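Inspection log for the structure reproduced underneath, given as structure tokens.
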Amino acid sequence: MSQFDHSHLAIMEQGILLFNAQKYWECHEEFEHHWLEEPGPLRNVYWAVIQVAAAMIHYREGNLTGARGLIYKAKQKFDRCEQNHIESDLLYSELSWKELKQMVRAVPAEPVISDFKNLFEFRFKDPSLWKWKLEKS
């Protein structure tokens, strides 16, 4: 079983930029290609981001039911990443994965709409600051 590595991070750059710009639908579409092409457990990284992005669309529209359902599903994807030992130092250092995972898990099982506010304000680490990219330059 493989861990998240530089090749996975590289293909996530565009989707991360879209997420950070709160272009959640476009982010969803960008990551969906990677999710569909990844046959193994690593697809759960992309899938988690897709579901968080979709939850943020629902939050922005005031759709509590949609946001709650997708965050519940995203929590499952984070669990799968842990169970399959996919997470790596690179995932934590370059994507702010630990912070995202904590924010998703902080949303209670029976949330109110305001429980999504901190997650809506979350931004991944700016790809222009990714250490491994700077080292390659």
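The values are calculated or read from the model by the stated rules, or taken from the named source; none is laboratory data. Just so it is clear, the structure is predicted and the values come from calculations on it, not from any experiment. Neighbour counts run over all protein chains shown; Cβ positions are idealised from the backbone, glycine included.
Observations on the model:
- Flag for L90 being surrounded by 14 or more Cβ atoms within 10 Å (Cβ to Cβ), part of a helix (DSSP H, G or I) and either without any contact (Cβ under 8 Å) to a residue 24 or more places away in the chain or more than 13 Å from the chain's Cα centre (by Cα) (or both): yes
- Annotation: I57 fulfils all but one of (1) modelled with pLDDT under 95; (2) farther than 19 Å from D126 by Cβ; (3) among the aliphatic types (A, V, I, L, M); the unmet one is (1).
- Within region 10-37, residues that are buried (at least 17 other Cβ atoms within 10 Å of the Cβ) reach partners that are outside any helix (DSSP H, G or I) and at pLDDT 95 or above with beta carbons closer than 8 Å, at six or more positions or on different chains, in the pairs I16/F124; F19/R123; F19/F124.
- Filtered by the rule that a residue be at pLDDT 90 or above, surrounded by 13 or more Cβ atoms within 10 Å (Cβ to Cβ) and in a loop (DSSP other than H, G, I, E, B), region 121-137 gives F122, R123, F124, K125.
- Residue count for region 47-60 satisfying the condition of being more than 17 Å from M12 (Cα to Cα) and buried (at least 23 other Cβ atoms within 10 Å of the Cβ): 3.
- Scope region 34-52; condition touching a helix residue (DSSP H, G or I) at 6+ places or on another chain (Cβ under 9 Å) and more than 22 Å from E99 (Cα to Cα); matching residues: H34, L36, E37, E38
- Boolean, V112 is surrounded by 13 or more Cβ atoms within 10 Å (Cβ to Cβ) and modelled with pLDDT of 95 or more: no
- Put simply, of K77, K73 the only residue that is part of a helix (DSSP H, G or I) and surrounded by 18 or more Cβ atoms within 10 Å (Cβ to Cβ) is K77.
- Against the test of being surrounded by 20 or more Cβ atoms within 10 Å (Cβ to Cβ) and out of contact with any His (no Cβ under 8 Å at 6 or more places or on another chain), the options N63, N44, N118, N84 yield a single qualifying residue, N44.
- Qualifying position, being over 13 Å from the mean Cα position of the chain (by Cα), farther than 27 Å from P111 by Cα and not polar (S, T, N, Q), among H6, H58: H6
- Among residues of region 38-54, those that are free of Cβ contacts under 8 Å to residues at least 24 places away in the same chain and more than 22 Å from F122 (Cα to Cα), counted: 2
- Leading residue by the ranking (modelled with the lowest pLDDT) among those in region 13-44 that are within 21 Å of Q83 (Cβ to Cβ) and in contact with a Phe, Trp or Tyr (Cβ under 9 Å, 6 or more places away or on another chain): E38
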